[in-house]
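Input: a single structure, listed below in structure tokens.
The values are calculated or read from the model by the stated rules, or taken from the named source; none is laboratory data. These numbers come from a predicted model, not from an experiment. Please note: Cβ atoms are built from the backbone with ideal geometry, for glycine as well, and neighbour counts cover all protein chains shown.
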Amino acid sequence: MAIILFDIDDTLFPSTDFSSLARKNALNAMIRQGLETDYEKLDKELQLIIKEKGSNYQKHFDELCSRLNIKNPVRYIAAAIAAYHDTKTSIQPFPKVPFILLKLKEKGHHLYVATTGSSIKQWDKLIRLGIGLYFDGVFVTEEKKDEEFYRQILEKLGSKPSDCIMIGDREDTDITPAKNIGITTIRILKGKHIETPSDADYVIKNMKELLIILLKPSTQ
């Protein structure tokens, strides 16, 4: 029986694809509301803001309107936010994820999320994905996930590194810091970081491979 930590984005669902579609819908909604500019200009500026502020920044569209000197921006910001959130109704986990989580719970493993952002935002994702009930809790940090973040998780759970497994798509935040403190790591090759070399204990291409690894006697 193990403590299994999951990242969410590009681990449990294709967040890179979702974010691209949601932002496209948001910008087109601004234009439909009468914003006199072209999509390419909006998209270029938004990408710069995301690069500077990060994907978890709460006011991307406010900042976009400010930088483009848009007068009376409230209508356009509201349109963008509404379209972005409407896109959430279409999000789905990667195939087999609900089945895999169910099998792991049936075997007595304890499942948690370890991610960045806010607790409410991450629970919102899990609930919309239809997998919230599989998880015992969510651990979040507003900063980059580092060794101290994982140490704090272990302390809160009263667990040893050898009892814990971390699964994620990013080498720098999901794999390296967790492995450095003795947590077993599994890297899933998904999303925009897919080409980054990995030093994880296991590397997989899809979630189906998890059952082969996690249900071995040594991980129970």
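With the requirement that a residue be in a helix (DSSP H, G or I), touching a residue at least 40 places away in the same chain (Cβ under 8 Å) and within 14 Å of Phe149 (Cβ to Cβ), what does the stretch 162-220 give you? Don't jump to the end; show me each part of the working.
Looking only at the stretch 162-220, we keep the residues that are in a helix (DSSP H, G or I), and these are 162-163, 171-180, 191-193, 208-214, 217-219.
Those still in the list that are touching a residue at least 40 places away in the same chain (Cβ under 8 Å) too: 163, 173-174, 178, 191-193, 208, 210-211, 214, 219.
Answer for the stretch 162-220, where residues must be in a helix (DSSP H, G or I), touching a residue at least 40 places away in the same chain (Cβ under 8 Å) and within 14 Å of Phe149 (Cβ to Cβ): Thr173, Asp174, Ala178.
Residues that are over 16 Å from Pro93 (Cβ atoms), in the same structural domain as Leu68 (by TED's automatic domain parsing), at pLDDT below 90 and of a type in the set (S, T, N, Q): does the stretch 34-56 have at least one? For the stretch 34-56, residues over 16 Å from Pro93 (Cβ atoms), in the same structural domain as Leu68 (by TED's automatic domain parsing), at pLDDT below 90 and of a type in the set (S, T, N, Q): present. Of all residue pairs spaced 6 or more apart or on separate chains, those with beta-carbon atoms under 8 Å, a first member in the stretch 149-160 that is within 14 Å of Ala178 (Cβ to Cβ) and a second member that is of a type in the set (D, E, K, R) are Phe149/Glu143; Leu154/Lys160. The residues listed here are Thr176, Thr116; of these, the one that is modelled with pLDDT of 95 or more and within 25 Å of Gly54 (Cα to Cα) is Thr176.
Say we look at the stretch 122-152 and pick out the residues that are of a type in the set (Gly, Ala, Ser) and surrounded by 14 or more Cβ atoms within 10 Å (Cβ to Cβ); which of these is nearest to Ile175 (Cα to Cα)? Restricting to residues being of a type in the set (Gly, Ala, Ser) and surrounded by 14 or more Cβ atoms within 10 Å (Cβ to Cβ), the top hit is Gly137.
Note on the stretch 1-33: among residues that are at pLDDT 95 or above and of a type in the set (Gly, Ala, Ser), the one that is surrounded by the most Cβ atoms within 10 Å (Cβ to Cβ) is Ala26. Evaluate the following for Val74: is it modelled with pLDDT of 95 or more and in the same structural domain as Arg170 (by TED's automatic domain parsing)? In short, no. Restricting Asp172, Asp163 to those that are of a type in the set (D, E, K, R), under 19 Å from Thr16 (Cα atoms) and assigned by TED's automatic domain parsing to the domain that holds Thr116 reduces the list to Asp172.
Return yes or no: is Lys121 outside any helix (DSSP H, G or I), within 24 Å of Glu52 (Cβ to Cβ) and not aromatic (Phe, Trp, Tyr)? Write out each step before concluding.
Working: outside any helix (DSSP H, G or I): no; within 24 Å of Glu52 (Cβ to Cβ): yes; not aromatic (Phe, Trp, Tyr): yes.
In short, no.
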